[in-house]
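Please read the structure below before turning to the comments.
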Amino acid sequence: MPKRIPKKVKQDITLEKVKTLFKEASKQKDPKLANRYINIARKAAMKINLRIPRELKRRFCKNCYSYLVPSKNCRVRIHKNKVIYYCLDCKKYMRYMLKH
Ligand SMILES: [Zn+2]
């Protein structure tokens, strides 16, 4: 009988993998490489319907999935109680509530 890995364990493993991939992405000097790490992380998470933690979700563009580096390819502004990310790659804005 093949041993099935419980879903929870699978999710924990994938979450660790996703976190590691994001960490690796942050070390990359080449944005293309960083984006590749993000893509792998996204796909791994998608495969098992894992929700990417909020703090990691903000690290890439929701529209073009570029890894966002403030002052490099993204501008971060705080307006009222919202954080506004402006992706310089695809020229899209993303808004997040500050307190949530
Ligand atoms: Zn973008």
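Numbers below:
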item: Residues being of a type outside the set (F, W, Y) and within 14 Å of the ligand (Cβ to nearest atom) - total across the stretch 36-70; result: 14
item: Y65, sole failed condition from (1) surrounded by 14 or more Cβ atoms within 10 Å (Cβ to Cβ); (2) in contact with a Leu (Cβ under 7 Å, 6 or more places away or on another chain); result: (2)
item: Among (1) modelled with pLDDT of 95 or more; (2) more than 15 Å from the ligand (Cβ to nearest atom), the one test that H79 misses; result: (1)
item: Residue pairs meeting the criteria (Cβ under 6 Å; at least 6 apart or on separate chains; first in contact (Cβ under 8 Å) with a residue 40 or more places away in the chain and within 16 Å of K17 (Cβ to Cβ), in the stretch 56-68; second β-branched (V, I, T) and not in a helix (DSSP H, G or I)); result: none
item: Residues (more than 8 Å from the ligand (Cβ to nearest atom) and closer than 25 Å to Q28 by Cα) located in the stretch 89-100; result: Y93, M94
item: Pair list, Cβ under 6 Å, 6 or more apart: the stretch 39-55 residue closer than 14 Å to A25 by Cα, other residue surrounded by 12 or more Cβ atoms within 10 Å (Cβ to Cβ) and of a type in the set (V, I, T); result: A41/V18
item: Test: N73 is touching a residue at least 40 places away in the same chain (Cβ under 8 Å), more than 9 Å from the chain's Cα centre (by Cα) and within 15 Å of the ligand (Cβ to nearest atom); result: yes
item: Count - residues of the stretch 10-27 that are in contact with a helix residue (DSSP H, G or I) (Cβ under 8 Å, 6 or more places away or on another chain) and surrounded by fewer than 16 Cβ atoms within 10 Å (Cβ to Cβ); result: 3
item: Residue among K57, K92 that is of a type in the set (D, E, K, R) and at pLDDT 95 or above; result: K92
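The values are calculated or read from the model by the stated rules, or taken from the named source; none is laboratory data. Bear in mind the structure is a predicted one, so any value in this text is a computation, not a measurement. Here the Cβ is made from the backbone with ideal geometry for all residues, glycine too, and neighbour counts use every protein chain on show.
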